[in-house]
1. Mind giving me the nanometre distance, one decimal, between the label points for B:Met201 and B:Ser221, set 7 Å out from Cα along Cα→Cβ?
2. If I model a spin label at A:Glu236 and A:Arg206 as a point 7 Å from the Cα along the Cα→Cβ vector, what separation in nanometres do I get?
3. Summing Lys, Arg as +1 and Asp, Glu as -1, what charge do residues with Cβ under 11 Å from the Cβ of A:Pro293 carry, A:Pro293 excluded?
4. How many nm is it between the label spots at A:Glu357 and A:Ala45, if each spot is 7 Å from the Cα in line with the beta carbon?
5. Which lysines have a Cα lying under 21 Å from the Cα of B:Lys178, excluding residues fewer than 8 positions away in the same chain?
6. Ignoring everything except DSSP H segments at least 4 long, calculate the 222 nm mean residue ellipticity for chain B; use -39,500 (n - 2.57) per segment, divide by total residues, nearest 500.
7. Output the 0 to 90 degree angle, nearest 10, between the alpha-carbon long axis of helix B:15-29 and the longest principal axis computed from the alpha carbons of chain B.
8. Taking the highest mean first, how do the peptides A:299-312, A:333-346, A:73-86 order by number of other beta carbon atoms within 10 angstrom per residue?
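Nothing in this text is a laboratory measurement; each read-out follows from the coordinates by a stated rule. From a predicted model like this one, the values you see are computed outputs, not experimental measurements. Don't worry about glycine lacking a Cβ; one is built from the backbone with ideal geometry, like all the others, and counts go over all protein chains shown.
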Amino acid sequence: MAEKQLMKGNEAFATAAINAGCRYYFGYPITPQNEIPEFMSRELAKYGGAFIQAESELAAVNMAYGAAAAGGRVLLSSSSPGVALMQESISLIASVELPVVIINVMRGGPGIGSIQPSQADYDQVTVGGGNGDYKTIVYAPSSIQEACDMIYKAFDVAEEYRNPVMICADGMIGQMMEPVALPEPVEPVMGEEIRKKKPWALTGHRNERERHALNSVWLQQDLLEEYIDAYWPKFEKAERELQEWEDFMTEDAEVLYVAYGSTARIAKEAVVALRNEGVKVGLIRPKTLWPFPEKAFENLDGVKDVISVELSKAGQLKRDVRLAVEGRARVSLINRYGGMLLDPAEVVERTKKIMEEVK
Amino acid sequence: MKRIRIITGHYGSGKSELSVNMVVNLKKEYDKVAIVDLDIANPYFRSRERQKAMEDLGIKVYHNSFGYDITQDLPAISAAIKEPLENKEFMTVVDAGGDDSGARVLNQFTKYFLDDDCEMLFVISGNRPETSTVEGCLSHIERIELETGLKVKGLINNTNLLSETTVDDILKGENLCKEVSERTGIPHVATYCDENMIAKMDKEKLKGIEVKPISLFLRPSWLQYEL
């Protein structure tokens with residue numbers, strides 16, 4: 001591991017992507033992730049890569065589609081409304097089974113919203129997004145170090161599954177500073193190597209193999225059904241193998257928080273504060289949002305209350321929590337939204353109110 | 001000590017935390033104290049986030065946001081900002097935005113910064129990738145001086161790894177400041193560190209270096225819960 005440096009989230013994300021072998025970046029400015037394109041515009045060419053500031057998010061995502069089709073390691077980044085603009089072609093990329101890594105530094109919504117941190121993209125990234133039957137694999141880092149490690153891994157996961165992989169950070173993680181040990185640089189697969197190592201890439205058949213074609217339009221519906229059936233097992237595999245979460249003081253917990261991203265750190269301080277008062281509280285922190293870590297909820301013995309702590313009005317995370325709890329405990333919500341953050345004292349106070357409520 | 005202090009540096013070097021600490025300390029000695037937050041480069045983690053707390057201490061806070069709404073930046077600098085620059089009764093700290101691009105906004109106030117009552121300082125964090133070497137620091141100093149037309153009059157060592165800071169980080173910054181100082185003639189004027197980290201340090205290893213304690217006003221407590 002490299003020596004630790006003090007880095008801002010966004011610049012660390014971009015560095016981690018380059019170290020993971022990313023050589024193609026396409027983007028369009030939007031707060032709070034602007035340091036990513038700024039960094040890439042300055043640094044990527046030094047590694048033989050290409051940076052293009054597109055005229056819009058829609059153009060950027062379609063450039064990414066092209067570079068991914070050619071076998072490149074591609075990064076896109078944006079923030080909530082910008083990601084919404086990209087969703088049409090994220091569906092397109094999924095439909096032709098190409099790997100792309102997308103960093104979403106979430107901010108308040110709906111619409112143009114605010115520029116402060118939010119988690120109200122949960123639906124957009126896990127069940128919403130573009131049209132049709134596909135899934136986006138979504139990681140949710142809680143620290144800059146974890147974000148770097150997830151980005152580094154995401155390129156491999158995207159290529160293994162040949163599917164878009166999203167890193168869902170929030171404005172706080174993108175903008176704050178933390179000590180980071182960057183993952184070791186790997187040499188990207190480039191040029192002629194792509195033909196050998198990425199046989200699915202469009203590298204020209206040269207009369208040496210069957211032609212490849214990427215096709216996202218099926219006028220014969222039965223063929224489309226067959227095509228979906230052919231790729232669908234990878235999503236079942238992802239649900240079996242990619243679920244990740246952290247347990248924090250869950251063993252004897254009667255109250256269980258579920259929180260991800262920077263909010264999980266706020267919940268963690270609340271857990272410690274309540275434990276000091278003798279309240280048995282724990283935290284399940286999803287590291288993957290899709291697939292949702294249902295396995296974390298297998299044993300809920302002794303748990304009376306499960307509380308989703310999140311930055312969304314609707315309780316977007318709460319819905320997945322309720323599905324995983326399957327009626328075995330009461331499920332409640334502690335939330336702020338629109339770019340407002342929770343603070344640990346507020347979480348503690350609202351938890352006590354929930355516990356006092358008559359069942 | 002100069003009446004106007006301009007705090008510049010690479011982004012993430014700790015300018016805003018230092019600026020807030022400076023005015024809080026100045027207020028203990030002086031009646032009229034002001035902070036001018038000229039960071040128009042980035043809406044996160046700016047000194048104006050603690051406007052209310054500073055005002056409660058009697059410190060005047062100037063910036064370009066609309067009232068207390070820290071994310072609604074006006075596309076102009078209010079003329080009110082001139083007050084603590086013109087009025088010689090004020091002890092004033094000017095918190096510039098990061099890098100040369102963040103310092104650019106200083107240009108329109110140059111006439112207040114040219115007299116002997118003002119000094120521009122450069123904060124060095126040796127753990128930031130771009131200022132971890134002498135060459136990196138020199139490059140940033142040169143660009144900020146070119147951009148503003150002002151000369152850096154002092155170096156501040158603020159090398160840290162937040163809650164993982166050790167004596168070694170401070171010593172790394174001391175060496176960096178010493179070498180930059182030798183190359184440029186700019187004196188190394190102060191060294192700062194989070195008071196909570198100083199408390200954990202073996203004072204003997206600090207070899208007599210005077211480390212001034214600071215409190216972290218802008219960083220929320222829950223960020224200390226490392227995952």
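1. So the two model labels end up 2.5 nm from each other.
2. 3.8
3. Residues close to A:Pro293 contribute a combined charge of -4.
4. Those two pseudo-labels are separated by 5.7 nm.
5. Filter leaves B:Lys15, B:Lys151, B:Lys153, B:Lys203, B:Lys205, B:Lys207, B:Lys212.
6. The per-residue figure over chain B is -9000 deg cm²/dmol.
7. It is inclined by approximately 70 degrees.
8. A:73-86, A:299-312, A:333-346
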